[in-house]
Amino acid sequence: MRPVLASLAGIALAAATAAAQLAPVKAGVFKWAALSPANAGGGRVERLVLSGSTLDLDALEVRAITIPARETPDTTAAQDSLESFMLVKDGKLLASLNGVIRTLGAGGVALVLPGDQLVVTNIGGAPATYYRFTYRSREPMNLERGRQAGGSFMLDYTELTEKPTAVGFRRDVLNRPTAMFRRFESHWSSVKEGVRNHATHTHRADEFMMMTKGNVQMLIGKAEPPATLGDVVFLGSMIPHSLLSKGAGPAQYLVIQGE
């Protein structure tokens, strides 16, 4: 198993001792094509997507981690003051969390409360990539709240119920408290080609979108940047936003909101 990851140790130290030094994350599209791959040893590649602070988080780091086809487990050390959320971008992983072992394919997710440990092994026969959000709230952590709401968990995309919408479909992932958020909500959205997902609107909660299919033209405030497969979109609190699905076929993305 791998030792404590330097990136996690660094963000934990920053959050604990120098939260004011973490610059706010700027709203916009973080392009997959612009991310710099870094060799983390043993064929493991990491891409730093973003890091900084948000309205409700004094420390946030998002990384894309690619692990080679092998039987060696890839371990993220348990962190007592950090929570994490994982999304499988591509590939097939065998995941272990609190004694539960599950297979997670593309679109699979895991929520890991502080003190718990997620171990993943690539069993797909080809490199696999997942996004890892690691964060700490500005308000004091409430671990008991997170445990009472259901604790750490894993879900494969195939387990989610698909519900038709006026613009495509939706698959709900979760909507409940965690140790770091009073409300943590996540769902999949699919938007038909040539259709806007919803009227341009605002809300207090910061929002992330992970593009997994298709092409869209975002509206973020007055900016209209494109986003495509692999891109991560950050929509800050009270920033007007919507998107237009463009190109051949529908666009699909995972939404995360927390406050």
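Overview of results
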| read-out | value |
| --- | --- |
| Cα→Cβ-extended label distance, 7 Å offset, between Glu193 and Glu144, nm | 5.5 |
| Within-12-Å neighbourhood charge of Ala166 [Cβ basis; K, R +1; D, E -1] | +4 |
| Gaussian network model of the chain, Cα within-10 Å springs - most flexible of Leu57, Leu87, Leu174 | Leu174 |
| Radius 10 Å from Cβ of Leu50, net charge of other residues (Lys, Arg +1; Asp, Glu -1) | +1 |
| Top of Ile101, Ile65, Ile123 by mean-square fluctuation, Gaussian network on the chain, Cα under 10 Å | Ile101 |
| Heavy-atom SASA rank of Arg138, Arg132, Arg47 (probe 1.4 Å, accessible area, largest first) | Arg138, Arg47, Arg132 |
| Nearest-10 value in Å² for the accessible area of Arg196, using the 1.4 Å probe | 100 |
| Surface per residue (accessible, 1.4 Å probe) for the chain, Å² | 43 |
| Eligible lysines near Lys31 by straight Cα distance, threshold 27 Å, same-chain separation 8 or greater | Lys89, Lys92, Lys192, Lys213, Lys222, Lys246 |
| Accessible surface, 1.4 Å probe, highest first, among residues Leu219, Leu82 | Leu219, Leu82 |
| Proximal charge balance of Val191 [Cβ under 12 Å; K/R count +1, D/E count -1] | +4 |
| Most mobile of Gly42, Gly168, Gly151 in a GNM of the chain (Cα contacts under 10 Å) | Gly42 |
| Carbon/sulfur fraction of accessible area - the range 129-231, other protein chains in place, 1.4 Å, % | 51 |
| Alpha-carbon centroids, the range 125-154 and the range 158-210: separation in whole Å | 18 |
| Rounded to the nearest 20 debye, dipole of the chain from Cβ charges on Lys, Arg, Asp, Glu | 400 |
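The values are calculated or read from the model by the stated rules, or taken from the named source; none is laboratory data. All of these numbers come straight from a predicted model, not from anything done at the bench. Every residue, glycine as well, gets a Cβ built from its backbone with ideal geometry; the counts of neighbours run over all protein chains shown. Quick note on the areas: whole protein, heavy atoms, side chains included, nothing else; ligands and nucleic acids left out. Shrake-Rupley method; radii C 1.70, N 1.55, O 1.52, S 1.80 Å.
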